[in-house]
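Report on the following structure.
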Amino acid sequence: MPITYRKFLILLGLALPLTAVAQGLEEKASQSQRLQAQAAASGLDPQTVDSLVNERRNQEQGSSPDRRKLSSAAVRETVPSDSLLSGPSAYGEDSLDLYDTTAVAGNDSLGLNGKRHPPMRHRRVKIPPRYEQRIFRTTDRTAFGSTASGAGRDYILGAGDQVTVSLWGDREKESVLTLSPEGAIFLEGAGLVPLAGLSLGEAQLRVKSRLAKVFSGIARGTSHVAVSLGHAGPIKVFVLGEVKLPGGFVFSGNTSVMSAMYYAKGPSDIGTVRNLVLNRGGKKYPLDLYRYLIYGERLSPDALQDGDVLFSGRASILAEVSGDVGRAAVYELKKGEGVKEALEFAGGINATSASHRITLQRVFPDGRIDYLDLASPQDYASGKTKFELQDGDKLLVEKSTERSKAYYTIEGPVKYPGTYSSGAIRTVRQLVDKAGGLREDAYLGRVHVVRAYPNGSSSLFAFSLDSTGIESITLEPRDTVLLYSSRDMYLPDSVEISGAVFYPGRFEFREGMTAKDLVMMAGGYLPHHESGRLLVFRGDPHERRVTQMQLDVADGLAETKERFQLKPNDFLQVPIDPRWYQKEVVILNGHFVHPGKYALLFPGETLNSVITRAGGFKPDAYVSGARLFRSKDSVGRVGLDFNKALRNSNSKQNISLVGGDSIVVPERLNTVKVVGEVGFATSVLYKDGANVEYYIEKAGGFTRRSEKNHVVVEYANGETGGTGYFNRQPDAGSVIFVPQGPEPKPVDWFAGINAILGTLSIGLAVALSIAALSK
């Protein structure tokens, strides 16, 4: 029926919307797949991916007016922010040498939408500038913790302290006692003895005096008494003022001032450690921690007592020392101290410090910051010059960058190569003499002088040491003289040996070398060499040919005044005796009557012969599963039918054995293993006459990715075959392998419908055109 123009328009009107719908569905599917891939690459779990895909679809359908567009940023917010790249977002304020990552503007890593994330900027957390803060905030706070052995004889006892009273001599006794809340201990026979407020030394005298009334041997000197601190009782100490963590602390009674400062985390940015005040029972004790930190002197008093108050006021002078010093930091100074003390606190100046002036940055009373030029650091370090410092001063000690000019360097075959002071040296000859003279291997034909310039460039000058004009070569400071050795320019010739010697290979050629000399250098003859004959191959590089020469030599390596001498690049072959037979051993393992090692009786002895000599097989031997392994030339397993080899000695299966062969005969096997692309890889009980399909079915059958036409069977004896061309059924001990094929491609219904509708539209257009032309 002819297609009218009106019918064509109706069909075309139906086809075009359908094509658009198919294209839209295909595009949405591809967008969903892309989103899933991007989200999976970012580490999202499948549930999150599904929710993102559904949200994308809902937004495109306009279901949610507040979420019409899922931006890439929203997707990124779902991804966890912590990673191995970004690290934790914050660190403790006392952390040192850590990196804090913060985002900055720029482009770096790819996001889910194809755009790039801002890069990460690493910020190093600076160490505290003050010297004391570095100690109190970075070292283990228990470094100055209390220990019983650390209590001196001046330790003041208090309630709760534990003491050990030891008596030895005529009487031996030891008591561990704790001071009561009233500060006393109870001694058997002596009653209550008050010890609170006494030092350990004073307590020992009091205890000895009381026990002397009970034990007469103490007065006679035949008994002795000792009092030691066992465990210090708790005390409460207050650390107040300009410290990082002020407050009250409970310590053991043997705690030092330094330990208390550790627990208070040291001074604040303005706190003092050189004018600390220890308030104890109405008395004040000044303490300077620099006496301990810088000079290693013990504080006095050092051990804290219950109720002590340690107070840190504001430091009067804080000055910074930087540059080429032992340890650059901010140090606290007292009134009257200056540059000398600051350099001393900083560990002194380094050996590389310049003798240039010190630069001082100072804050003046009107708030103005200005710079002053002081004397050299060496003057202050020696005490030659003094200069007091003020709060806020900053000292900079410059490092010397001056390079020496008064030296020459000589390298190569001289007796003492190295760098020498220029002194009175002016020429190359004088420098050579200074270096001890030339070695005998020095090459005099060419000497190089390398001269460097301040702009970084250099020049090379060549001279001859044996020329008369050598004395006229004038050196300049920092010149380097390079001499060369004739040995380095000599390429030695070589000769090569192979065959029945211990160490075949290449050896250095030496004039007068004979064939036996080379054999000796190669370790001598092996037992299986052919006596009286050597082969020499000598090449002529100009004629491009090699000549073979046979040497008839007497057996042995004794010197015989040989006339024939080798030349460079000669090749010596030590023949092997053709009559020599090296004993070859094979190994029989498993269910043989007499398993073990057997030497072959002659070259080429067969499998049948060796097994017969071993007594054959045991009754329970599974001959069909016997296997032969060959180590020679890395052959590996050899598939053989042992039953045929044993039945017929002329069978091709009855092969000749070689040294290193190993035969393994197992006991009876009852299973067939099925592995690879099957439902469940397992071992199936052997069934006589069953084919490959039977065992695969027992293992769960094929999967949708199985390569059914490429199944491989490895039989018990090691032979293999494919089911497509090998008709032999699996025997007990066989392994069936089902390979894996490619993933089946899913049917793209959207693309198919789109193609069909597109073809239909084109067909309608062609039909309409033909109908119009026919009219």
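The values are calculated or read from the model by the stated rules, or taken from the named source; none is laboratory data. Because the structure is predicted, anything quoted here is derived from the model rather than measured. Backbone-built Cβ (ideal geometry, glycine too); neighbour counts: all protein chains shown. Ligands, DNA and RNA are stripped out before the accessible areas are found, and what is left, the full protein with its side chains, is counted by its heavy atoms. Shrake-Rupley method; radii C 1.70, N 1.55, O 1.52, S 1.80 Å.
For the structure I just gave you, tell me whether residue 623 is over 51 Å from the mean Cα position of the chain (by Cα), touching a residue at least 12 places away in the same chain (Cβ under 8 Å) and surrounded by 14 or more Cβ atoms within 10 Å (Cβ to Cβ).
Answer is yes for this residue.
Provide a single number: the residues in segment 227-258 that are farther than 26 Å from residue 195 by Cα and either touching a Ser or Thr at 6+ places or on another chain (Cβ under 8 Å) or open to solvent by less than 30 Å² (accessible area, probe 1.4 Å) (or both).
Of the residues in segment 227-258, 8 are farther than 26 Å from residue 195 by Cα and either touching a Ser or Thr at 6+ places or on another chain (Cβ under 8 Å) or open to solvent by less than 30 Å² (accessible area, probe 1.4 Å) (or both).
Does residue 303 satisfy the condition of being under 49 Å from the mean Cα position of the chain (by Cα), of a type in the set (A, V, I, L, M, F, W, C) and closer than 26 Å to residue 233 by Cα?
yes
Could you please find all residues in segment 454-471 being in a loop (DSSP other than H, G, I, E, B) and touching a residue at least 12 places away in the same chain (Cβ under 8 Å)?
Correct list: 464, 465, 466.
From 446, 510, 451, 478, grab the single residue that is free of Cβ contacts under 8 Å to residues at least 60 places away in the same chain, of a type in the set (Lys, Arg) and assigned to a loop (DSSP other than H, G, I, E, B).
Testing whether each residue is free of Cβ contacts under 8 Å to residues at least 60 places away in the same chain, of a type in the set (Lys, Arg) and assigned to a loop (DSSP other than H, G, I, E, B) leaves just 510.
Within segment 391-401, does at least one residue satisfy the condition of being under 47 Å from the mean Cα position of the chain (by Cα) and farther than 26 Å from residue 325 by Cα?
No, that holds for no residue.
Does residue 484 qualify as being touching a Gly at 6+ places or on another chain (Cβ under 9 Å), without any contact (Cβ under 8 Å) to a residue 24 or more places away in the chain, open to solvent by 40 Å² or more (accessible area, probe 1.4 Å) and outside any helix (DSSP H, G or I)?
So residue 484 does not fit the description; no.
Say whether the condition of being acidic (Asp, Glu) and loosely packed, with under 14 Cβ neighbours inside 10 Å is met by at least one residue in segment 518-534.
The answer is no, given that none of the residues of segment 518-534 is acidic (Asp, Glu) and loosely packed, with under 14 Cβ neighbours inside 10 Å.
Considering only segment 560-573, state which residues are touching a residue at least 24 places away in the same chain (Cβ under 8 Å) and farther than 19 Å from residue 539 by Cβ.
560, 562
Determine whether segment 545-559 contains at least one residue that is in contact with a Leu (Cβ under 9 Å, 6 or more places away or on another chain) and not in a strand (DSSP E or B).
Yes, there is a match, as at least one residue in segment 545-559 is in contact with a Leu (Cβ under 9 Å, 6 or more places away or on another chain) and not in a strand (DSSP E or B).
Residues of segment 197-225 being at pLDDT below 85, open to solvent by 40 Å² or more (accessible area, probe 1.4 Å) and closer than 20 Å to residue 159 by Cα, which ones?
Passing the criteria: only 197.
Do you know which residues across segment 368-382 are open to solvent by less than 50 Å² (accessible area, probe 1.4 Å) and out of contact with any strand residue (DSSP E or B) (no Cβ under 6 Å at 6 or more places or on another chain)?
Matches in segment 368-382: 375, 376, 379, 380.
May I ask you to list the residues in segment 368-398 that are in a strand (DSSP E or B) and either modelled with pLDDT under 90 or not charged (D, E, K, R) (or both)?
Answer for segment 368-398, where residues must be in a strand (DSSP E or B) and either modelled with pLDDT under 90 or not charged (D, E, K, R) (or both): 369, 371, 372, 395, 396, 397.
Taking the criterion of being within 45 Å of the chain's Cα centre (by Cα) and in contact (Cβ under 8 Å) with a residue 12 or more places away in the chain, would at least one residue in segment 331-341 satisfy it?
For segment 331-341, residues within 45 Å of the chain's Cα centre (by Cα) and in contact (Cβ under 8 Å) with a residue 12 or more places away in the chain: present.
Of all residues in segment 681-715 being open to solvent by 70 Å² or more (accessible area, probe 1.4 Å) and among the acidic types (Asp, Glu), which is farthest from residue 738 (Cα to Cα)?
688
From the list 175, 166, 180, 146, which one is open to solvent by 30 Å² or more (accessible area, probe 1.4 Å), over 30 Å from residue 260 (Cβ atoms) and either polar (S, T, N, Q) or at pLDDT below 85 (or both)?
Checking each option against the conditions leaves just 175.
Please verify whether segment 312-319 includes one or more residues that are open to solvent by 20 Å² or more (accessible area, probe 1.4 Å), within 46 Å of the chain's Cα centre (by Cα) and charged (D, E, K, R).
The answer is no; no qualifying residue exists.
Conditions (1) closer than 27 Å to residue 524 by Cβ; (2) out of contact with any strand residue (DSSP E or B) (no Cβ under 6 Å at 6 or more places or on another chain); (3) not in a loop (DSSP other than H, G, I, E, B), marked per residue:
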{"residue": "568", "(1), (2), (3)": "yes, yes, no"}
{"residue": "578", "(1), (2), (3)": "yes, yes, no"}
{"residue": "586", "(1), (2), (3)": "no, no, yes"}
{"residue": "598", "(1), (2), (3)": "no, no, yes"}
{"residue": "609", "(1), (2), (3)": "no, yes, yes"}
{"residue": "628", "(1), (2), (3)": "no, no, yes"}
{"residue": "637", "(1), (2), (3)": "no, no, yes"}
{"residue": "645", "(1), (2), (3)": "no, yes, yes"}
{"residue": "650", "(1), (2), (3)": "no, yes, no"}
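So if I check each of 152, 158, which one is modelled with pLDDT of 70 or more, assigned to a loop (DSSP other than H, G, I, E, B), within 27 Å of residue 276 (Cα to Cα) and of a type outside the set (D, E, K, R)?
Residue meeting the stated conditions: 158.
So that you can scan it fast, the table gives a plain yes or no per residue for (1) of a type in the set (Ser, Thr, Tyr); (2) in contact (Cβ under 8 Å) with a residue 60 or more places away in the chain; (3) touching a strand residue (DSSP E or B) at 6+ places or on another chain (Cβ under 8 Å):
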| site | (1), (2), (3) |
| --- | --- |
| 178 | yes, no, yes |
| 206 | no, no, yes |
| 211 | no, no, yes |
| 222 | yes, no, yes |
| 249 | no, no, yes |
| 254 | no, yes, yes |
| 267 | no, yes, yes |
| 274 | no, yes, yes |
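So the check is Cβ under 6 Å with 6+ separation or different chains; which pairs have a first residue in segment 393-413 that's under 24 Å from residue 474 (Cβ atoms) and a second one that's of a type in the set (Lys, Arg) and surrounded by fewer than 16 Cβ atoms within 10 Å (Cβ to Cβ)?
Listed by first residue and then by second, the contacts come to 413/439.
Residues of segment 423-441 being open to solvent by 70 Å² or more (accessible area, probe 1.4 Å), among the charged types (D, E, K, R) and more than 20 Å from residue 488 (Cα to Cα), which ones?
Answer for segment 423-441, where residues must be open to solvent by 70 Å² or more (accessible area, probe 1.4 Å), among the charged types (D, E, K, R) and more than 20 Å from residue 488 (Cα to Cα): 426, 433, 434.
Just name the residue that is nearest to residue 183 (Cα to Cα) out of those in segment 262-273 that are in contact with a Leu (Cβ under 7 Å, 6 or more places away or on another chain) and open to solvent by less than 10 Å² (accessible area, probe 1.4 Å).
264
So residue 596 passes all but one of these: (1) open to solvent by 40 Å² or more (accessible area, probe 1.4 Å); (2) at pLDDT 90 or above. Which condition number does it fail?
For residue 596, the exception is condition (1).
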